[in-house]
1. Inside segment 61-145, counting only helices (runs of 4 or more DSSP H) that do not spill past its ends, which hold 2 or more residues that are modelled with pLDDT of 90 or more and of a type in the set (S, T, Y)?
2. Looking only at segment 110-129, which residues are in contact (Cβ under 8 Å) with a residue 12 or more places away in the chain, more than 22 Å from the chain's Cα centre (by Cα) and under 21 Å from V141 (Cβ atoms)?
3. Is segment 138-156 home to any residue that is without any contact (Cβ under 8 Å) to a residue 60 or more places away in the chain and closer than 23 Å to R241 by Cα?
4. Going through segment 248-292 one residue at a time, which ones are among the aliphatic types (A, V, I, L, M), open to solvent by 20 Å² or more (accessible area, probe 1.4 Å) and out of contact with any Phe, Trp or Tyr (no Cβ under 8 Å at 6 or more places or on another chain)?
5. Take the residues in segment 49-73 that are in contact with a Gly (Cβ under 8 Å, 6 or more places away or on another chain) and more than 13 Å from Q145 (Cβ to Cβ), then tell me which one is surrounded by the fewest Cβ atoms within 10 Å (Cβ to Cβ).
6. From the residues in segment 272-309 that are of a type in the set (G, A, S) and assigned to a helix (DSSP H, G or I), which one is farthest from H155 (Cα to Cα)?
7. From the set of residues in segment 157-200 that are part of a loop (DSSP other than H, G, I, E, B) and among the aliphatic types (A, V, I, L, M), which is farthest from D18 (Cα to Cα)?
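The values are calculated or read from the model by the stated rules, or taken from the named source; none is laboratory data. Everything numeric here is computed off the predicted structure, so don't read it as measured data. Note that each Cβ is placed from the backbone with ideal geometry, even for glycine, and that neighbours are counted across all protein chains shown. Protein only, heavy atoms only, side chains kept; ligands, DNA and RNA dropped before computing areas. Shrake-Rupley method; radii C 1.70, N 1.55, O 1.52, S 1.80 Å.
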Amino acid sequence: MTVISVPMDYNAEDLYVDLRPIVGQGLFLKCEGFNFAGSIKLKAAREMVEAAERKGVLKPGSILVESSSGNLGVALSILAASKGYGFLCVTDARCNLSARRFMEAMGSQVHIIAEPAASGGLLGARIAHVQALCASDDRYVWLNQYTNVNNWKAHYRTTAPAIAHHFPRLDVLFIGAGTTGTLMGCARYFRERHRQVKVVAVDSVGSVTFGGEPGRRMIPGLGTSVRPGLLDESFVDEVVRVEEADTIRACHRLARRGFLFGGSTGTVVSGATEWLARHEAHDYTAVAIAPDLGERYLDTIYQTNWLHALYGEEVLSPDILAADVRTA
């Protein structure tokens with residue numbers, strides 16, 4: 001039976017799922033999707049906005065503009081609406097339709113970039129569009145999640161201490177790599193303040209974050225086509241790369257046990273279980289961070305036609321799923 005730990009003083013920082021009955025290995029999943037934005041990105045968005053306000057960069061009449069694959073855009077649309085700023089999200093066709101509609105419902109604008117840049121792919125083209133907007137009107141304020149130190153500071157201040165509190169004997173922490181804000185904040189915290197914790201970054205195959213050739217990536221969230229400015233690899237102990245087909249299978253295996261998570265979470269869980277399988281002789285206390293929930297992926301990774309068109313009918317064949325389903 002799957003166990004969810006929910007303390008009596010529950011808040012969004014305190015929800016962990018014990019995945020051992022599902023994946024057959026000792027792994028706790030820190031669920032970050034239970035807030036108004038539906039993802040961990042609300043933490044970074046709040047930290048970056050408040051820092052810009054303290055510096056006087058954001059003021060009445062400002063229009064926030066940001067490149068986002070979805071989750072940060074949703075978080076910023078909420079903050080902008082609540083604080084009276086405008087917000088314009090620059091994204092591309094991989095952004096889930098529900099995320100785009102959410103932002104528009106909050107009164108935000110969404111610009112969709114269709115053509116990749118010659119260098120840097122779609123992300124490079126998105127960033128170039130943001131820079132052009134800022135050059136055209138001084139009301140635009142770009143927080144720049146890819147280089148903004150308040151991105152990682154948000155997790156140094158909140159995410160990592162929460163994990164350390166619940167798991168004082170933590171051995172290994174699995175963190176998905178997108179902008180690397182979560183990765184850098186948590187890795188810095190555990191390197192500086194606690195007993196040795198192995199930090200394993202989980203990236204998507206086709207991402208250039210840790211080097212290598214760029215490749216097709218259709219699931220938004222993790223991975224980049226431009227190396228993030230926040231990344232300092234000296235804080236990362238290992239890197240695990242996950243194929244998108246394995247991301248999809250991990251999401252569906254979790255869903256068949258009652259947990260609907262997003263693509264970023266599927267990638268992290270797949271990478272974590274693969275790493276733990278290679279180290280099964282050790283009795284590790286292991287935690288993986290689940291950045292988001294799955295409702296925004298119902299039209300993509302949970303939609304049969306979309307999956308078959310991009311990955312083939314075999315991606316979710318009964319034999320493949322059955323081979324990896326563990327029972328308690």
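1. On the way: elements: 71-83, 97-105, 121-136.
In segment 61-145, the matching helices (runs of 4 or more DSSP H) lie at 71-83.
2. Scanning segment 110-129 gives a single hit, H129.
3. Going residue by residue through segment 138-156, those that are without any contact (Cβ under 8 Å) to a residue 60 or more places away in the chain are 138, 156.
Keeping just the survivors that are closer than 23 Å to R241 by Cα gives none.
Among the residues of segment 138-156, not one is without any contact (Cβ under 8 Å) to a residue 60 or more places away in the chain and closer than 23 Å to R241 by Cα, which makes the answer no.
4. Kept after step one, since they are among the aliphatic types (A, V, I, L, M), are these residues of segment 248-292: 248, 250, 254-255, 260, 268-269, 272, 276-277, 281, 286-290.
If we keep only those that are open to solvent by 20 Å² or more (accessible area, probe 1.4 Å) too, we end up with 255, 260, 277, 281.
Listed by number, the residues that qualify are A277, A281.
5. Applying the first criterion (in contact with a Gly (Cβ under 8 Å, 6 or more places away or on another chain)) to segment 49-73 yields 60, 62-64, 66, 69-71.
Narrowing further to those that are more than 13 Å from Q145 (Cβ to Cβ): 60, 62-63.
Values: P60: 7, S62: 20, I63: 20.
In this case the residue turns out to be P60.
6. First pass over segment 272-309, keeping only residues of a type in the set (G, A, S): 272, 277, 281, 286, 288, 290, 294, 309.
Narrowing the set further to residues that are assigned to a helix (DSSP H, G or I) leaves 272, 277, 309.
Working: A272: 20, A277: 28, A309: 37 Å.
Step by step, filter segment 272-309, then rank; the result is A309.
7. Filtering segment 157-200 for residues part of a loop (DSSP other than H, G, I, E, B) gives 167-171, 177-180, 194-197.
Then keep just the ones that are among the aliphatic types (A, V, I, L, M); that gives 170, 177, 197.
Numbers: L170: 14, A177: 22, V197: 19 Å.
So the residue we want is A177.
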